[in-house]
Amino acid sequence: MKRILSTLLFLLSFSVNASSSGIELEEADIDLSDTVSLERGAKHYVTYCLGCHSAKHIRYKRIALDLHLDEGEILKNVAPLGAGIYDQMHSAMNGHDAEKWFGTTPPDLSLIARSRGADWLYTYLKGFYAEPGKPTGVNNTVFKDVAMPNVLWQQQGTQVAVIKNIDGHDVVTELKLEQPGQLSPREFDRMVNDLVNFLVYVGEPVQLERQQMGKYALFFILMFIVLAYLLKKEYWKDIH
């Protein structure tokens, strides 16, 4: 219960910081039918996120099935060394150590895309900027005073904030790339988009099936309405 409450408070702080920042969110290009993007996103998640954040609502077996990939390929190219095909995406970090290092236990991210939204995640992952006075050396435009370090800094490079005083408050108006990373800005945008695409998929793996089923359900309802209307006319045709 204590862990659940801590996670809920952590997610609530996400909401408070996002609403108070006033930052315009960038739009993520989400396409759950793009299995190549989802596979890249899964690799990025295991490489850069799984060290701290679990995604316990998904198993590698399910990823292999949904992405039409061989189980051996998933274990070789996506899953961490030693993981089994039926394993959940568990973080290797001990919760006690995480709380000691970061001040809180990093939450499971299985439902983060559903709770925060794809655009929020996309903007958040791109919104880190250097601030030497912070414990991790960075801050974030969407989540002010975030405790999480910028794990993608080598790929993105170092950003600095352009701050203006508006109505007595210091506001970040722009981020400038001070030191380029290993990827170009366009390549980094695609990397982050793939990662967010994967998190959206993890939040609801059956989303495409649900949408397809919804079309059939709407068609059935429409046909039922037509039949009900014709039946009404037949019953009432002799009543004046």
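Details
- Annotation: amide H-H contacts under 5 Å for His57 (H modelled 1.01 Å from N, sequence separation of 5 or more, or interchain): Ser110.
- Evaluating 6.51 cos²θ - 1.76 cosθ + 1.60 at θ = phi - 60° for every residue in the stretch 76-81, the Karplus couplings come out as 7, 9, 10, 5, x, 4 Hz, glycine and proline recorded as x.
- Computed from phi, the 3J(HN,Hα) profile of the stretch 46-58 under the Karplus parametrisation 6.51, -1.76, 1.60 (θ = phi - 60°) reads 5, 6, 10, 10, 5, x, 10, 10, 7, 9, 6, 8, 9 Hz, with x in place of Gly and Pro.
- Residues with amide H under 5 Å from that of Gln159, placed H, sequence gap 5 or more: Ala130, Glu178
- Principal-axis tilt of helix 207-236 within the chain, Cα atoms, nearest 10 degrees: 30 degrees
- Peptides 108-116, 220-228, ordered by how many other C-beta atoms sit within 10 Å of their residues on average, highest first, read 108-116, 220-228.
- Distance between the stretch 57-108 and the stretch 121-139 - C-alpha centres, whole angstrom: 25 Å
- For mean projected area of the Cα convex hull in nm², the value calculated from this model appears in (i) 20.8; (ii) 15.0; (iii) 11.5 under label (i).
- Of the trypsin sites (Lys or Arg not before Pro) in the stretch 151-240, the ones in a loop by DSSP (not H, G, I, E or B) with at most 13 other beta carbons within 10 Å are Lys237.
- Under a 5 Å amide H cut-off, with hydrogens placed 1.01 Å from N, Val138 pairs with Glu131 among residues at least 5 apart or on other chains.
- Relative to the dominant Cα principal axis of the chain, helix 2-21 is inclined by about 90°.
Each value in this text was obtained by applying a stated rule to the coordinates, not by laboratory testing. Keep in mind that this is a model prediction, so the values were computed, not measured. A quick note on method: Cβ atoms are made from the backbone with ideal geometry, for glycine too, and the neighbour counts reach across all protein chains shown.
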